[in-house]
Amino acid sequence: MSFSWIYEKIVGARNLLYDRGVFESFDLGAKTISIGNITAGGTGKTPLVAYVAEILAERGMRVCILTRGYGRKNPKKRILVSDGEKILADPSEAGDEPFELARKLLGKAIVIADADRVAAAEWAKRKFGVTAFVLDDAFQHRKVKRDVDIVCIDATDPFGGGKMLPIGRLREPAANLNRADILIITRANLISEILNLRSEISKLSPKSLTFETKNKIAFFEKVEEFHAKTQRTQSEDKVSTEGFKSVKSSAAFAFCGIGNPESFFKQLQLENFSIKASRTFRDHHPYTQEDINEITKQARASDSQILLTTAKDAVKLKDLKCDIPCFVIEIKIAVEEAAKFASML
């Protein structure tokens, strides 16, 4: 009897108790959209959370993102990461992804890290008059009712090897995708053929609508400039052609600590960056000066002129010194049939 078999039985029993109403799900009293995964690890969910929050904010809704805030210093404490106007916590208090979301969505969304999302929602409604909630990483968080249930499926590794945790990466059987209203195939541009995956998904969840997203580099800047700003305007969210060419042509050492590091490296290669070597860290890795010194050493050994990393990693580099120019690459998503997707929200 394997641990994966035991885990699958526990997950199945829990879902059955929710399906039969033995475990109660609570209505948050406002528009509620859940965005989650069927697998553990990175599926490109964070850019989609930001994308959905922006759509709701543009419609005049008072938006709040509710997130557990994985990897933060005190996971039992409620942290108001952003009140929508300013950031009120650092990455260690908030968690790297909530902090990244707060930074991207200043002026558009409140961000709260709290394991108890029902209590956090009630507090947010009283304090801020929230009219729409976006639940981050909540497909398995069935304690909360949702109006729209969205699940991200990473095109580069859709079902985590087909096995349940801890042997594989499935959080629950792939057949449970039939609970979802919308399935998003993320990073569709990083694979050569997608029809077979769409067909497989359609068989697993025939009633769900399926969309594709493609990654694109939306912005880059030196890590010092990244930390000097608390907010960017939309006009800045463009890649300078000349600056982009200069960075792309420079010998680069790429590093990251995200759920799917290969997706970052593939995106850089797809956009013709000159990657000489790379280094991966565990997801949510808390960087130290020793890490940066080692990265610098490895970059020099590969004759790299610059370092490249993600925004999620960059938020944890603020007080660390890089002797080689370090650029932060911010990736956004382009949604296939964007108007149709927006209408489903």
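Tabulated results
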read-out	value
Residue within the range 168-185 that is open to solvent by 10 Å² or more (accessible area, probe 1.4 Å), more than 25 Å from Gly12 (Cα to Cα) and touching a helix residue (DSSP H, G or I) at 6+ places or on another chain (Cβ under 7 Å) present	no
Ala89 within 19 Å of Ala342 (Cβ to Cβ) and of a type in the set (Gly, Ala, Ser)	no
Residue list for the range 58-76, restricted to those being of a type outside the set (Asp, Glu), on the phi < 0 side of the Ramachandran plot and open to solvent by 30 Å² or more (accessible area, probe 1.4 Å)	Arg59, Met61, Arg62, Arg68, Tyr70, Lys73, Asn74, Pro75, Lys76
Residue selected from the range 14-24 under the condition open to solvent by less than 60 Å² (accessible area, probe 1.4 Å) and within 28 Å of the chain's Cα centre (by Cα), by the criterion nearest to Lys145 (Cα to Cα)	Tyr18
Residue check for Thr156: open to solvent by 10 Å² or more (accessible area, probe 1.4 Å) and modelled with pLDDT under 95	yes
Output for the range 107-123, where each listed residue is open to solvent by less than 10 Å² (accessible area, probe 1.4 Å) and either of a type outside the set (Gly, Ala, Ser) or part of a loop (DSSP other than H, G, I, E, B) (or both)	Ile110, Val111, Ile112
Residue match in the range 299-309 (condition: part of a loop (DSSP other than H, G, I, E, B), modelled with pLDDT of 95 or more, open to solvent by 20 Å² or more (accessible area, probe 1.4 Å) and within 30 Å of Ala155 (Cβ to Cβ))	yes
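Results for (1) open to solvent by less than 10 Å² (accessible area, probe 1.4 Å); (2) closer than 27 Å to Ile191 by Cβ; (3) assigned to a loop (DSSP other than H, G, I, E, B); (4) modelled with pLDDT under 95, shown as yes or no for each residue.
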site	(1), (2), (3), (4)
Lys248	no, yes, no, yes
Phe253	yes, yes, no, no
Glu290	no, no, no, no
Ile295	yes, no, no, no
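The values are calculated or read from the model by the stated rules, or taken from the named source; none is laboratory data. Note that this is a predicted model, so its numbers are computed, not measured. Note that we place each Cβ from the backbone using ideal geometry, even for glycine, and neighbour counts take in every protein chain shown. SASA here: full protein model, heavy atoms, side chains in, ligands and nucleic acids out. Shrake-Rupley method; radii C 1.70, N 1.55, O 1.52, S 1.80 Å.
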